[in-house]
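The values are calculated or read from the model by the stated rules, or taken from the named source; none is laboratory data. Quantities reported herein were computed from a predicted structural model and do not represent experimental measurements. Here the Cβ positions follow ideal geometry from the backbone for every residue, glycine too, while neighbour counts run over all protein chains shown. Note: accessible area is taken over every heavy atom of the protein model, side chains too, but ligands, DNA and RNA are not part of it. Shrake-Rupley method; radii C 1.70, N 1.55, O 1.52, S 1.80 Å.
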Amino acid sequence: MSGHEQDNFDAKPSPGEESSPVETDGPIDPVDLIVGIDLGTTNSLVAVADARGPRVLRLGERLAGDDQEDDQEDLVPSVIRYAGEVVEAVGAAAAADLKIHPTRTVFSVKRFMGRSYADRRKEASVVPYSVVEGPRGLASVEIDGVIRTPQQISADLLSHLRDQASAALGQAVKRAVITVPAYFDDGQRQATRDAGRLAGLEVVRILNEPTAAALAYGIGSRGAAETIVIYDLGGGTFDVTVLEVMPPDPDDAEGESIFRVLATSGDSHLGGDDFDRVLIRDLIDEAIAGGDGTDRARRLAILREVGARAKIALSEADATRLVLDGSGVLPDVDRVLTRAAFEEAARPLVDRTLDACRRAVKDAGLEISKIDRVVLVGGSTRMPMIREAVEQWFGSPGYVALDPDRVIALGAAVQGSILAGVRRDALLLDVIPLSLGLETAGGAVAKLVVRNTMVPTKAVEMFSTSVDGQVNVALHVVQGEREMVADCRSLARFELRGLPPMPAGIPQIEVTFNVDANGVLGVEAVERRSGRRARVQVVPSNGLTREEVAQIEADSYTHAREDMLVHRVVDLAVNAALDVKWIQEALARVRDVLPASTTESVESHLAIVEEFIASARKDPRSVDADAFHAAKESLDKASMPVHEAAITRSLRGDGTEAS
Ligand code: ADP
Ligand code: MG
């Protein structure tokens, strides 16, 4: 293992300012602007791409009392409520009141897109709103006597997305790439096009969702052809696609990568909703017994909400509480759910997704070993059991670096920028544009992969803890050329949990950085003794432009000397703190056998070094590294008699030994 054996983690990384990627949705040339829209069964999103790469737009105002996470604002529930001729609510507002207006609120309309009523009769019987035979035999929705086709309803959703996106960007959105499942037939694709047109959008391309996922990761933009699997577990559907991706012809300047669907499989009735149901199975029976249809729909909607919330909590925690105030119409419930029990109960659902994977790979005429990688898509792939099952089945971890519920929209935006002729993702490079490293004690950076390294590449280093008995270690992955975390870009944070308590410096934490050919970085930390492990995946080039990379490089030269000194001071402070601790402990044991003059001398040296440590922790730039170093050396010299006395005492074993 390499050099940084002495490097320590901070128990808690310093709260140094993060240089996070710019979040503003600044204007793009209006002529060029083509947005990407993921028109999902459960959620819809809009994204754009420019030199900084693709980003999802934050749409709309949050609801009052809305307890959604901040980062969920960009997902718009594909839910809409009508009152006669008018649209009464769209998105989160409509979803929130679904249980109040079950018969006037339309969700999952994508299931009916471009299909005949005859074809969808069974589907129609399970939704609380009324599905009827509409024009040209199409499955249509009737509310308050008004009949609308799925494309009209989708158009209302798209109009909302278009308006919100225009407001977010500060310019009118007119052109869009809209995604559809790979299995959509011509009728369903045409219905999606019509919906866009009705919403006043020029639909420049209908794009397959798995192709969008590949584009978002830059798969097939260079190098060799790849065969990939897209595993997409959404709210109500599971789709698996085997895709062959070929890089563009290098002689063709306008060339686009070629994406060929080799096989698709899946289950149109298997998704996150089924996992919700696993958690509330027994309660559902009570909810559907008795009452009229509307009552029943209301009770089911309430149950689904609590089930979904508990499920999402279990993606993060080992256990959660399910609390339901039945208010007389449903039982009052307060129970603890564990992830382990949930995973066992949901196992048959997971196995059904793997069965579909098996069929798809077989239909593509391939062996699993011929699959280069798996991309995870859809909110439900956040569940650890899904990630583990996929990794086990395919033999390698799936791509999760891009948010699984945003990756389709991001890819659609990339396609939009290619069609608009905007130079796409400028940072698809064969080398790592900025160094990759890990925060160490005191806010310094240990670089594991230096800039300009060819991809793929791998680096391993050993680290340890800096506090006695540390059971959780925070890891902070950063990117940049400077020596201190505060001057670098934060890429990801994760935690290695549940270490057995050990003295500082004893745990052996092996950290591996693995950058693959597509520039996706996987970081894994393993504590050797306990075998505890944790990992994270990111795309380091996300949100970076060429100009920024050049600027970061220039800054590193300007600050090179200052940075080197600061790093030295931080390292000195870490090492000196350990010295001080040892010397103080030894001194306490042997004080009685030392002459007072020695004790006093050691104590005054300790005081000087402690002052340096305190200043270094406050502001390492204010500390003279040479003076600090000299003070530490004199402390070491002055404390020799202490160490000698301590060794003599422990050799004699005269009982006063502290431990
Ligand atoms: P769709 O493609 O059907 O529009 P999404 O990809 O947006 O759907 O996925 C929605 C589903 O993801 C819902 O069932 C939701 O409960 C689930 N989901 C979202 N976040 C999590 C999470 N952290 N853990 C488990 N499931 C999640
Ligand atoms: Mg989806």
In nm², the average projected area of the convex hull spanned by the Cα atoms of the stretch 357-480 is 11.4 nm²
Output row, site HIS643, 7 Å Cα→C-beta label point, backbone N cut-off 20 Å, window the stretch 580-605, residues 580-595, 598-605
Between VAL323 and ILE206, Cβ-based FRET efficiency (R0 56 Å, step 0.05) works out to 0.80
Residue-normalised value, i.e. accessible area per residue, for the chain at 1.4 Å probe, in Å², stands at 45 Å²
Restricted to the stretch 313-437, the DSSP antiparallel beta bridge percent, nearest 5, is 75 percent
Computed on Cα atoms, the radius of gyration and Dmax of the stretch 494-643 in angstrom are 21.4, 66
So the FRET efficiency between ASP292 and ARG260, C-beta based with R0 = 56 Å and rounded to 0.05, is 0.65
With all protein chains present, the stretch 436-544 has a carbon and sulfur share of its accessible area (1.4 Å probe) in percent of 49 percent
Counting Lys and Arg as +1 and Asp and Glu as -1 over every other residue whose Cβ sits under 14 Å from the Cβ of HIS629, the net charge comes to -3
Per DSSP, the loop-located trypsin sites (Lys or Arg not before Pro) within the stretch 470-545 having at most 14 other beta carbons within 10 Å are ARG497, ARG528, ARG529
The value for the stretch 436-544 (convex hull of the alpha-carbon atoms, volume per residue, Å³) is 88 Å³
Taking the convex hull of the alpha-carbon atoms of the stretch 472-518 and averaging its shadow over every direction gives an area in square nanometres of 4.7 nm²
Dividing the mean separation of Cα pairs under 8 Å (6+ apart) by the residue count of the stretch 35-430 yields a relative contact order in percent of 20 percent
DSSP beta bridges in the stretch 35-430: the antiparallel percent, rounded to 5, is 75 percent
Working note, the chain: Cα radius of gyration (Å, one decimal) and Dmax (Å, whole number) are 29.6, 104
Given unit charges at Cβ for Lys, Arg (+) and Asp, Glu (-), the dipole magnitude of the stretch 436-544 about its Cα centre in debye, nearest 20, is 220 debye
Projected onto their principal axes, the Cα atoms of the stretch 560-652 stretch, largest extent first, over whole-Å spans of 51, 23, 18
Subtracting the Cα-Cα distance of GLU600 and GLU88 from 0.36 nm times their residue separation yields 176.2 nm
With only helices counted (DSSP H, runs n ≥ 4, each -39500 (n - 2.57)), the per-residue ellipticity at 222 nm for the chain, to the nearest 500, works out to -11500 deg cm²/dmol
Here the gain from full extension of LYS122 to GLU142, 0.36 nm per residue of separation minus their alpha-carbon distance, amounts to 5.5 nm
From the Cα centre of the stretch 218-273 to that of the stretch 549-569, the distance in Å is 41 Å
Of all lysine pairs in the chain that are eight or more residues apart or on different chains, those with Cα atoms under 16 Å apart total 6
Simple SL model, points at 7 angstrom along Cα→Cβ for LYS362 and SER650; separation in nm is 6.5 nm
With DSSP loop assignment and no more than 16 other C-beta atoms within 10 Å, the GluC sites (Glu not before Pro) in the stretch 72-137 are GLU85
Scoring only Lys, Arg, Asp and Glu (+1, +1, -1, -1) among other residues with Cβ under 12 Å from the Cβ of VAL131 yields +2
Treating only Lys and Arg (+1) and Asp and Glu (-1) as charged, each at its beta carbon, one finds that the stretch 503-573 has a dipole about its Cα centre, in Debye to the nearest 20, of 480 debye
Per the rule of 0.36 nm per residue minus the C-alpha distance, extending SER268 to ARG533 adds in nm 91.9 nm
So the carbon and sulfur contribution to the accessible area of the stretch 553-659, 1.4 Å probe, in percent, is 56 percent
In whole percent, the fraction of accessible protein surface over the stretch 276-348 that belongs to carbon or sulfur atoms, probe radius 1.4 Å, stands at 51 percent
Checking the stretch 343-398 for GluC sites (Glu not before Pro) in a loop per DSSP with at most 13 other beta-carbon atoms within 10 Å yields GLU367
In nm, the gap between the two label points placed 7 Å beyond Cα toward Cβ at ARG335 and ASP636 is 6.3 nm
One would report the Cα pair-distance distribution of the stretch 226-281, bin width 10 Å, in %, as 22, 31, 23, 15, 7, 2
Placing each pseudo-label 7 Å from Cα in the direction of the beta carbon, ARG347 and ASP592 end up separated by a distance in nanometres of 6.2 nm
